[in-house]
Structures are given as C-alpha cells and as structure tokens.
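Peer 1: Below you'll find the structure I mean.
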Amino acid sequence: MEVTSVSVRKVEKEGSRMKGIASIVLDNSFAVHDIRVIEGDNGLFIAMPSRKTATGGYRDIAHPINPDMRKLLQDAILEEYEKAEIEPAN
C-alpha cells in the first residue's frame, strides 16, 4: 500500500497538545481525514480519527492494523507537517 497524497494544516492553540490536522490518500483510492498531529512526551505522533462512544470513551473510526502501516502513515504525515505553515486557530 502506498501513501499517494498527504495534506497537513498546522494549528496553534494555546494549551493544546494538538499541533495539526492531516488527510491522506492511499493508493489514489481511499482517503482518511481528520488525523490529528499531537505533541506527546516523546515528540510528535498521529492520532487517528475517532468518535465518542455512549460510555464517554473514544473509539477510532479508521486505524492501521499493524505497526509497519502505522509507521508508514506517521512518517508521511510528520514529513508533510514539517513543511506546513502555521494557521491561526479559530
């Protein structure tokens, strides 16, 4: 599987660990939007799109099944993140 397109919008919101929002396209066939770029204790990482459950927790809507795919997605998104301009938060 190949990541064929990545777009990242950096955000700067005071007190927030979220640093950007990304969208990817896989094999020119499948898009995943609303992937968050998060500043963690050990650096940046991605968080897949999720929704709130009835019990108040969160569950991923789409996610990689294995560590190799997660690394492929994260590397592509963080590479594009480094190139992106900061947009003001609303």
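Peer 1: Checking His33 against (1) of a type outside the set (Asp, Glu); (2) touching an Asp or Glu at 6+ places or on another chain (Cβ under 9 Å); (3) loosely packed, with under 14 Cβ neighbours inside 10 Å; (4) under 20 Å from Met1 (Cα atoms), which single condition isn't satisfied?
Peer 2: With (1) of a type outside the set (Asp, Glu); (2) touching an Asp or Glu at 6+ places or on another chain (Cβ under 9 Å); (3) loosely packed, with under 14 Cβ neighbours inside 10 Å; (4) under 20 Å from Met1 (Cα atoms) applied to His33, the lone miss is (2).
Peer 1: Let me spell it out: the conditions are (1) charged (D, E, K, R); (2) surrounded by 10 or more Cβ atoms within 10 Å (Cβ to Cβ); (3) modelled with pLDDT of 95 or more, and Asp27 meets all of them except one. Which number is the exception?
Peer 2: Every listed condition holds for Asp27 apart from (2).
Peer 1: On to the next question. Given (1) of a type in the set (S, T, N, Q); (2) at pLDDT below 95; (3) surrounded by 15 or more Cβ atoms within 10 Å (Cβ to Cβ), where does Gln74 come up short, assuming only one miss?
Peer 2: Among (1) of a type in the set (S, T, N, Q); (2) at pLDDT below 95; (3) surrounded by 15 or more Cβ atoms within 10 Å (Cβ to Cβ), Gln74 violates only (2).
Peer 1: When you scan region 11-24, how many residues do you find that are surrounded by fewer than 18 Cβ atoms within 10 Å (Cβ to Cβ) and closer than 10 Å to Glu80 by Cα?
Peer 2: Going through region 11-24 one residue at a time, the tally reaches 0.
The values are calculated or read from the model by the stated rules, or taken from the named source; none is laboratory data. Remember, predicted model here, so these are calculated numbers, not experimental data. So basically every Cβ, Gly included, is an ideal-geometry build from the backbone, and we count neighbours across all protein chains shown.
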